[in-house]
Structure formats: C-alpha cells, structure tokens
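Enquirer: Quick one: the structure is below, questions incoming.
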Amino acid sequence: MREYLSNIYTGLMTVFIGMKITLQHVFTKSVTIQYPDVRVPMVDRVRNRLYVNMDDCIGCDQCARACPVDCITIETVKSLPGEDLGKTSNGKKKALWVTKFDIDIAKCCYCQLCVFPCPTECIYMTDTYEFSEYNRQNLIYNYSTLSPEEAEQKVINFQKFEEEKKAAKAAADAAAAAAKAKEGEAK
C-alpha cells in the first residue's frame, strides 16, 4: 500500500514539475526570430558581399592581385590624350578606362584581403548576406559602368591611337634616316 501511494505521489510531482516548466516558457520572451520578416542586426565589422564604387575606382588592379582565390577580374584601357575621366573622391586623377570589373562572389572566401590595398577605398564589404541564386552565373557581379559596346570602342580607340603613334614614329625615324643619308652623301 505504501509503494502504491509513493507511485501516485511521484506521478503527481512529475506532472507538476512538467507543468511548472511549461508555464515558465509561456511567460518568457522567445529566443527565436521570424526570419525573413525579422532580421538579426549585423555587427559593425561583418564581412559579406563585396561592393565596388566605380566612381572612385582607378583600375589599379591591386585588389585582384591581393585576392587569394582570383575571384576579381579587371581589364583596363589607357585613356587617350585629351580625355578627362574625372577624379576620385580622394582627388586622385583617373587615367584608365575600367572596361571590365567582375567579381565572382561564388568563389569569394570573404577574407577581405582585397579591401586593404585599394588606394581609393572604393571596394568594401557590405552587410548584405542574402544573395543566393539558382543560376551560378548570376553570382558574377559586373561593376563596370561601361556597356560591352562602349568597352570595345575604348579598346579600338586605344589600338588606333597606338598604331598612329607607331606610324608617326616610324615616319619620323625614316625622315631622320633619310636626312642622315643625305647629309652623308653631301660630305
């Protein structure tokens, strides 16, 4: 009889302890959030998606050289004499057209090594962490402000300029050689 009453007491105590724990959780604040409606605030030094401010980029390629996984691809073309590309926010004069500035964020390891060598501080990590895609090609971000046609035109213009410069130099060398030969005949 004593064991029977002890079992009833133990059963009732177990139910009361369980109900006590349940009631405590009813009146405490929940620790979960309703993502994506509610988002966790990010800390100040968080490293997520890269961003490039092309108004400040001078195309120096230092960020691409610092990248350990080669996720940054930069192609530049020299500007022609007389072209004014403007200045960066630091006051540094731009001399190169940035025809291609791609970042393959699928390769990025978020090490932030590309940020520090930038002389104009135009590349930096943002707090954006939601950038999943169904297609991997959509993770290649193109930051160049030139359209493909404009970039191709800049390359063609520079090639024409270089050819004209070589032709002018060759003509000047030929004229100098002819003058030297003429001078040699006169003696």
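Enquirer: Of Leu96, Leu50, Leu146, which has the most accessible area with a 1.4 Å probe, and how do the rest follow in descending order?
Expert: So the residues, ranked largest to smallest area, are Leu96, Leu146, Leu50.
Enquirer: If you don't mind, there's one more thing I want to ask. Keeping every protein chain present and rolling a 1.4 Å probe, give me the accessible area per residue for segment 79-135 in Å².
Expert: Per residue, segment 79-135 has an accessible area of 59 Å².
Enquirer: Going by alpha carbons, how many degrees (0 to 90, nearest 10) lie between the helix axis of 148-186 and the longest principal axis of the chain?
Expert: Between the helix axis and the principal axis of the chain, the angle is about 30 degrees.
Enquirer: Of the heavy-atom accessible surface of segment 1-147 (probe 1.4 angstrom), what whole percent is carbon and sulfur?
Expert: Exposed carbon and sulfur together represent 54 percent of the surface.
Enquirer: Now for a separate question. What does the C-alpha gyration tensor say about the overall shape of segment 88-149? Classify as rounded when a/c is under 1.5, otherwise prolate if a/b is larger than b/c, or oblate.
Expert: Oblate, since a/c reaches 1.5 and b/c is not below a/b.
Enquirer: Per residue of segment 92-106, in order, report the coupling 6.51 cos²θ - 1.76 cosθ + 1.60 (Karplus, θ = phi - 60°) as ³J(HN,Hα) in whole Hz, putting x for Gly and Pro.
Expert: Karplus-based 3J(HN,Hα) across segment 92-106 equals 7, 7, 7, 10, 10, 7, 8, 7, 8, 9, 10, 10, 8, 6, 5 Hz.
Enquirer: Right, something else. Based only on the alpha carbon positions, what is the Kirkwood hydrodynamic radius of segment 10-67, in angstrom?
Expert: About 17.5 Å, per the Kirkwood formula over Cα pairs.
Enquirer: In degrees between 0 and 90, to the nearest 10, how far off the longest principal axis of the chain does helix 2-27 point, with axes built from Cα atoms?
Expert: For 2-27 against the chain, the angle is about 40 degrees.
Enquirer: Give me the log10 of I(q) over I(0) for the chain at q = 0.12, 0.20 Å⁻¹, as the Debye formula computes it from C-alpha points; what are the numbers?
Expert: -0.79, -1.34
Enquirer: Say the dipole of segment 1-138 comes from +1 at the beta carbon of Lys and Arg and -1 at that of Asp and Glu; which of Tyr4, Ile33, Val15 then lies farthest toward its positive end?
Expert: About the Cα centre, the residue reaching furthest to the positive side is Tyr4.
Enquirer: Counting other Cβ atoms within 10 Å, which trypsin sites (Lys or Arg not before Pro) in segment 1-40 have at most 13 and lie in a DSSP loop?
Expert: Lys29, Arg39
Enquirer: For segment 128-143, what does the Karplus curve 6.51 cos²θ - 1.76 cosθ + 1.60, with θ = phi - 60°, yield as ³J(HN,Hα) per residue in whole Hz, taken in order and with x for Gly and Pro?
Expert: Those phi angles translate into 7, 10, 9, 9, 6, 9, 7, 9, 5, 5, 6, 8, 9, 8, 9, 9 Hz.
The values are calculated or read from the model by the stated rules, or taken from the named source; none is laboratory data. Source: prediction; values computed, not measured. In this analysis, Cβ positions are derived from the backbone assuming ideal geometry, glycine residues included, and neighbour counts consider all displayed protein chains. When the accessible area is computed, the model is the full protein with side chains, heavy atoms only, and any ligands, DNA or RNA have been set aside. Shrake-Rupley method; radii C 1.70, N 1.55, O 1.52, S 1.80 Å.
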